[in-house]
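The values are calculated or read from the model by the stated rules, or taken from the named source; none is laboratory data. Here the structure is a predicted model, which means the values were calculated and not measured. All Cβ positions, even for glycine, are placed from backbone atoms using ideal geometry, and neighbour counts span all protein chains on display.
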Amino acid sequence: MTLNAVVSAVTDRIIARSKDSRAAYLALIQSEGEGTIRRPNLGCANLAHAYAGTEEDRDAMKADRGMNIGIVTAYNDMLSAHAVYYRYPELMKVWAREVGATAQVAGGVPAMCDGVTQGYPGMELSLFSRDTIALSTAIALSHGTFEGAALLGICDKIVPGLLMGALRFGHLPMILIPGGPMPSGLPNKAKAAVREQFAEGKVGRDELLEAEIGAYHSKGTCTFYGTANTNQMMMEVMGLHMPGSAFVNPGTKLRQELTRAAVHRLAKIGARGDSYRPIGHCVDERSIVNAAVGLLATGGSTNHLLHVPAIARAAGVIIDWEDFDRLSAAVPLLARVYPNGSADVNGFEAAGGMAYVIRELLGAGLLHGDIMTVSGDSLAAYAEKPVIAGDALTWQPVGDSGDDTILRPAAAPFSADGGMRILAGNIGRACIKVSAVERDRWIVEAPARVFEDQLDVLEAFKAGTLEQDVVVVVRFQGPRANGMPELHKLTPALGVLQNRGFKVALVTDGRMSGASGKVPCAIHCSPEALLDGAIGRIRDGDMIRVDAVNGTLDALVDPAEWAAREPAPAPVAAEGMGRELFGLFRGNADEAEKGASAVLAGAGL
């Protein structure tokens, strides 16, 4: 199938823009691969330290018989998605021995849960936890004792952070190993309804807690299609998982065999194997475009308009929001998964899952099929579903959609475009996701109510002062101001206002959740208020126009008056909950369109 003209043109645009940075990156990883900081060249005392904690594999390590795999794990048992990793290292060591390799836990990375910190001060550490994870990954791999790595991580900042760190060791082969989603509990739509009832005071805290526990009830990834599950989609279309690994439930035979296969495959794709495929070559301009296409085709998380550019930069690739905007016009929406539909990711998987999506996108010429993957030299393997046949893991062609309310073919999609748009106007540049927004709400023109704390928005809602057509503006929420927290706690209240018949929109220099849904939200507004962005000039009562049809975001204020306004004074930086420790990150983070990363900015990438 001929590559779609828009996908081809965007790819060429990225390649041209990235020419120098990508060349520098490839030179770096070639030098690292040829360097002396590797196991056969380490001193005896260095090796003794590395082997001291692993008696069972010490002789094999001394003999240097096969790959030594570094396991970088995000295990903790506070995150349901990561609690499943508890026994993985122990099992992976056994599976490594089956193919003459060894494995060691190289290090752990922090893994916080946005679902726990949502709406509280801890959320202001969330985005910068991605940079911390990148740094922790680099520390784990810095010992020079590994010929490959297994990356164990799933949720919001963990996968991007793992990749950002891992790509600076791009000469090593690496495979990302997921744990799978929890079985379905209370449907996400029912959970959202209870949240809105609570916001209106129609149910109490006990009823809300029961609903939440009914939805989030066991080990595994949350079942809505937010940032965590978008991460897993992305690893599939980039070819960094074993094919079909993303959405297989924990505790199943298939889940175990996919992890075993990942360890076996990793042992074969090292520099001394017969199929060397370092991660720095697997992640290139084409695989980054695949990630963007997958995001658009499935209605994925808006957080990836930060994460994809950051991951790309770590590999010397430069993608911007204009690239996403151009791709969105060409990529059809093939999936409806909550909050963009009623089904959860288990329903998505049962209907055909990623194998179906990849097959359809490849058939329509919307994905680069010739990328280097951890599985082979083509993405075609990812268009098949893994199954256990007898006692053996195998892959089979995917059939038609099992439910056309969840998955549709590229020839008959839910919509002709991907539902992500870039807005630009006198307020700045922002992103909006409209795949779950009713078409008659794509344009909202209403007076502004300006806030600098999301809790003040909720207080105004409870007091009844937002009972009108309104554009809620929440500023000083950017990376430099307070670490760019998600504002998902606003979703029920804004949804209630919209249900009551008001025209409602949100404009913010902060983030919205990967589960943002039916209310139009212009997010990641740049420049942010702390950097004298125009969002700081908005005053209560200004008419604001959020127009996702024409791609504009404007304050309808006389231009002379607008230009003469002084920006709002910045609030004092908050302390407590460890936020003061992240002042270095806040002070050096770059803008949202580049990924809002202090680590990458500090590295000059």
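Looking only at residues in the stretch 270-291 that are touching a Gly at 6+ places or on another chain (Cβ under 7 Å) and crowded, with 24+ Cβ neighbours inside 10 Å, which one is farthest from L167 (Cα to Cα)?
S287
For the stretch 64-84, name all the residues that are over 23 Å from Y51 (Cα atoms) and not acidic (D, E).
Those that are over 23 Å from Y51 (Cα atoms) and not acidic (D, E): N76, M78, L79, S80, A81, H82, A83, V84.
Would it be correct to say that T2 is within 26 Å of L296 (Cα to Cα), assigned to a loop (DSSP other than H, G, I, E, B) and of a type outside the set (A, V, I, L, M, F, W, C)?
Against the criterion (within 26 Å of L296 (Cα to Cα), assigned to a loop (DSSP other than H, G, I, E, B) and of a type outside the set (A, V, I, L, M, F, W, C)), T2 qualifies.
Conditions: (1) touching a helix residue (DSSP H, G or I) at 6+ places or on another chain (Cβ under 8 Å); (2) within 29 Å of K594 (Cβ to Cβ). A343 meets all but one. Number of the miss?
(2)
Inspect the stretch 22-45 for any residue being under 28 Å from A228 (Cβ atoms), modelled with pLDDT of 90 or more and outside any strand (DSSP E or B) and give the result as yes or no. Don't jump to the end; show me each part of the working.
Within the stretch 22-45, the subset under 28 Å from A228 (Cβ atoms) is 25.
If we keep only those that are modelled with pLDDT of 90 or more too, we end up with 25.
Next, only the ones that are outside any strand (DSSP E or B) stay: 25.
Yes, the stretch 22-45 contains at least one residue that is under 28 Å from A228 (Cβ atoms), modelled with pLDDT of 90 or more and outside any strand (DSSP E or B).
When you scan the stretch 216-318 for helices (runs of 4 or more DSSP H) that lie fully inside it, which ones turn up with 3 or more residues that are under 17 Å from Y338 (Cα atoms), in the same structural domain as H82 (by TED's automatic domain parsing) and in contact (Cβ under 8 Å) with a residue 12 or more places away in the chain?
227-237, 285-298
Would you check if M182 is more than 20 Å from P485 (Cβ to Cβ) and of a type in the set (A, V, I, L, M, F, W, C)?
yes
Name the one entry in V105, V194, V116 that is surrounded by fewer than 24 Cβ atoms within 10 Å (Cβ to Cβ), out of contact with any helix residue (DSSP H, G or I) (no Cβ under 7 Å at 6 or more places or on another chain) and not in a loop (DSSP other than H, G, I, E, B).
V116
Could you identify the single residue in T302, T259 that is modelled with pLDDT of 95 or more, of a type in the set (V, I, T) and either farther than 21 Å from S21 by Cα or in contact with a strand residue (DSSP E or B) (Cβ under 7 Å, 6 or more places away or on another chain) (or both)? Quick ask: steps written out before the conclusion?
Numbers: T302 fails: modelled with pLDDT of 95 or more.
Matching residue, one of T302, T259: T259.
Report yes if A96 is touching a helix residue (DSSP H, G or I) at 6+ places or on another chain (Cβ under 6 Å) and assigned to a helix (DSSP H, G or I), otherwise no.
yes
Taking the condition assigned by TED's automatic domain parsing to the domain that holds R277 and free of Cβ contacts under 8 Å to residues at least 24 places away in the same chain, does E90 pass?
Criteria met by E90.
Looking at G144 and the list (1) of a type outside the set (F, W, Y); (2) surrounded by fewer than 24 Cβ atoms within 10 Å (Cβ to Cβ); (3) outside the structural domain of G341 (by TED's automatic domain parsing), which single condition is not satisfied?
(3)
Any idea which of (1) at negative phi; (2) modelled with pLDDT of 95 or more is the one G365 doesn't satisfy?
Of (1) at negative phi; (2) modelled with pLDDT of 95 or more, only one is false for G365: (1).
A quick yes/no check of all residues on (1) within 37 Å of the chain's Cα centre (by Cα); (2) free of Cβ contacts under 8 Å to residues at least 40 places away in the same chain:
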{"site": "E32", "(1), (2)": "yes, no"}
{"site": "I37", "(1), (2)": "yes, no"}
{"site": "L47", "(1), (2)": "yes, no"}
{"site": "Y51", "(1), (2)": "yes, yes"}
{"site": "R58", "(1), (2)": "no, yes"}
{"site": "K62", "(1), (2)": "no, yes"}
{"site": "M67", "(1), (2)": "yes, no"}
{"site": "D77", "(1), (2)": "yes, yes"}
{"site": "S80", "(1), (2)": "yes, no"}
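Return the total of residues in the stretch 352-386 being β-branched (V, I, T) and closer than 12 Å to A297 by Cα.
Counting residues in the stretch 352-386 that are β-branched (V, I, T) and closer than 12 Å to A297 by Cα gives 2.
Among all residue pairs at least 6 apart or on different chains, which show Cβ distances below 6 Å where the first residue, located in the stretch 385-398, is within 22 Å of V357 (Cβ to Cβ) and the second is among the aliphatic types (A, V, I, L, M) and in a loop (DSSP other than H, G, I, E, B)?
Pairs that qualify, where the first residue is within 22 Å of V357 (Cβ to Cβ) and the partner is among the aliphatic types (A, V, I, L, M) and in a loop (DSSP other than H, G, I, E, B), are K385/V398.
Just checking: which of the helices (runs of 4 or more DSSP H) contained wholly in the stretch 535-605 hold 3 or more residues that are surrounded by 17 or more Cβ atoms within 10 Å (Cβ to Cβ) and either touching a residue at least 60 places away in the same chain (Cβ under 8 Å) or not aliphatic (A, V, I, L, M) (or both)?
Helices (runs of 4 or more DSSP H) meeting the threshold: 598-602.
If I ask for residues that are of a type outside the set (A, V, I, L, M) and modelled with pLDDT under 95, which ones from the stretch 376-392 would you list? Before the answer, list the steps.
Restricting attention to the stretch 376-392, the residues satisfying the condition of being of a type outside the set (A, V, I, L, M) are 376-378, 382, 384-386, 390-391.
Once the filter is applied, which keeps residues that are of a type outside the set (A, V, I, L, M) and modelled with pLDDT under 95, the stretch 376-392 yields G376, D377, S378, G390, D391.
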